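Here's the structure, in structure tokens; my notes come after.
Any read-out appearing in this document is the output of simple, stated calculations on the displayed coordinates, not a laboratory observation. Being a predicted model, the structure only gives us computed values, none of them experimental. A quick note on method: Cβ atoms are made from the backbone with ideal geometry, for glycine too, and the neighbour counts reach across all protein chains shown.
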Amino acid sequence: MKKLLCILAFISLYSCSSDDEPCTCIGEYTLINGVDQMGNTFSANDVDCETGERPESPLPDNALFLGCQG
């Protein structure tokens, strides 16, 4: 059982490490309105898993990347 858990952990850590295509996900964001005030939240497709950026269509400057869904 311990061996199976180690294998699953390894797969989950490196599932996006392929050099052929970048890791993308559905990103979750919130808009910052003013000083430290959280606004509306939204999601976006084809977001870079590490940076939260979308090369095809940039996000608003006040969008704060919360992470990937799921």
Inset, instruction - Could you line up Cys23, Cys68 from fewest to most neighbouring Cβ atoms inside 10 Å? - result: Cys23, Cys68
Legend entry - region 59-64 - phi-based ³J(HN,Hα) in whole Hz, Karplus 6.51/-1.76/1.60, Gly and Pro as x: 8, x, 4, 8, 8, 9
Legend entry - Cut-off under 5 Å, modelled amide H: who pairs with Cys23 long-range: Cys49
